[in-house]
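Note sheet for the following structure.
The values are calculated or read from the model by the stated rules, or taken from the named source; none is laboratory data. Source: prediction; values computed, not measured. All Cβ positions, even for glycine, are placed from backbone atoms using ideal geometry, and neighbour counts span all protein chains on display.
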Amino acid sequence: MKKVTIRDFIKKKSTKEKITMLTAYDYPTAKIISNTGLDSILVGDSLGMVVLGYANTLNVTMRDMISHIRAVARANPPQLIVADMPFLSYEIDTKSAVKNAGLLVKAGSDAIKLEGGEEMKDTVKAIVKAGIPVMGHIGLTPQRFLRLGGFRTIGKTKQEEDQLIKDSLELEDAGVFSLVIENTYVDIAKRITEKLNIPTICIGAGPYCDGQVLVINDLLGLSEFTPYFAKSYVNLKEIISNAINQYIIDVKNNKFPEKQHYKERES
């Protein structure tokens, strides 16, 4: 499989081939993904909750992101690696946003993703001008859940719907190569997808986007809480628990280690 680029993403919009994207946060997971036909890996700030045990994404640092990007990049996956810019790494000023985006690329990402709508237009322009591809993210933006009044579906009011449409158009004009739409009403995501020339990637926004993204822990059945819009394809939590319990039984009953698991000195 050849390396996926942002040009491949944009091309899929016209060919109507769905884009597939999953999160990954470590080397072994990225190594497994590298042997699949997945289009893109997102090193998401969701690692704060599913890997580091935080209640939300706000405590994720640049150091956290850089460490996990490096781990994923060491697997040398052909998929496009997109990295989330963590909270307060791009909101303060444009100069620091460009610098931090550059640090994520130096760590191994092929592109960065940031949250926000038209208010992020100048920031997106500056990062793109520096030569770094940007993926936008509108709808439910987890870094802004406090301002949004919690984790909820966005677009209930006409004002919210109009703002989502405006945000998407402004971000496209700023130069994003694709746009994540999270937890909006399905008809809104459909309208945005039809309006834009760049591909949209949905999570909890229905089937009409140009692609889909999921948190891999949800897909594998490893999450403590799985949102309504995620699908578990296997229950690894149960499989892992059963394996651990079997190991405990084997050790306590002297069934492990067996002869093939150790070496005896030759006489």
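Each residue in segment 207-228 was checked for being in a loop (DSSP other than H, G, I, E, B) and either at positive phi or surrounded by 13 or more Cβ atoms within 10 Å (Cβ to Cβ) (or both), and 10 of them qualify.
Collect the residues in segment 13-40 that are on the phi > 0 side of the Ramachandran plot and not in a loop (DSSP other than H, G, I, E, B), keeping them in residue-number order.
Residues of segment 13-40 on the phi > 0 side of the Ramachandran plot: 16.
Hits for segment 13-40: nothing passes.
Of the listed requirements (1) among the charged types (D, E, K, R); (2) under 29 Å from the mean Cα position of the chain (by Cα); (3) farther than 25 Å from M135 by Cα; (4) not in a helix (DSSP H, G or I), E264 misses just one: (2). Figure legend. Inter-residue proximity from segment 138-157: first residues free of Cβ contacts under 8 Å to residues at least 12 places away in the same chain and on the phi < 0 side of the Ramachandran plot, second residues of a type in the set (V, I, T) and not in a loop (DSSP other than H, G, I, E, B), beta-carbon distance below 8 Å, spacing 6+ or different chains. Indicated pairs: L148/I154. Just one of the listed residues (T200, T184) is touching a residue at least 40 places away in the same chain (Cβ under 8 Å) and either β-branched (V, I, T) or under 22 Å from L38 (Cα atoms) (or both), namely T184. Counting only helices (runs of 4 or more DSSP H) that fall entirely inside segment 41-129 and contain at least 3 residues that are in contact with a strand residue (DSSP E or B) (Cβ under 8 Å, 6 or more places away or on another chain) and crowded, with 16+ Cβ neighbours inside 10 Å, the qualifying elements are 62-73, 94-107, 121-129. For the condition crowded, with 17+ Cβ neighbours inside 10 Å and touching a His at 6+ places or on another chain (Cβ under 8 Å), G155 does not qualify.
Of L179, L222, which residue is among the aliphatic types (A, V, I, L, M), touching a helix residue (DSSP H, G or I) at 6+ places or on another chain (Cβ under 9 Å) and farther than 24 Å from T5 by Cβ? Spell out the reasoning first.
On the way: L179 fails: farther than 24 Å from T5 by Cβ.
Answer to the selection: L222.
Restricting attention to segment 229-267, and to residues there that are over 30 Å from G204 (Cα atoms) and basic (K, R), which single residue is surrounded by the most Cβ atoms within 10 Å (Cβ to Cβ)? Per the criteria, the residue is K255.
For segment 229-261, taking the residues that are assigned to a loop (DSSP other than H, G, I, E, B) and either within 30 Å of L219 (Cα to Cα) or within 39 Å of the chain's Cα centre (by Cα) (or both), the one that is modelled with the lowest pLDDT is identified as F229. For the structure I just gave you, tell me whether A30 is surrounded by fewer than 20 Cβ atoms within 10 Å (Cβ to Cβ), out of contact with any His (no Cβ under 8 Å at 6 or more places or on another chain) and aliphatic (A, V, I, L, M). Taking the combined requirement at face value, the residue does not satisfy it.
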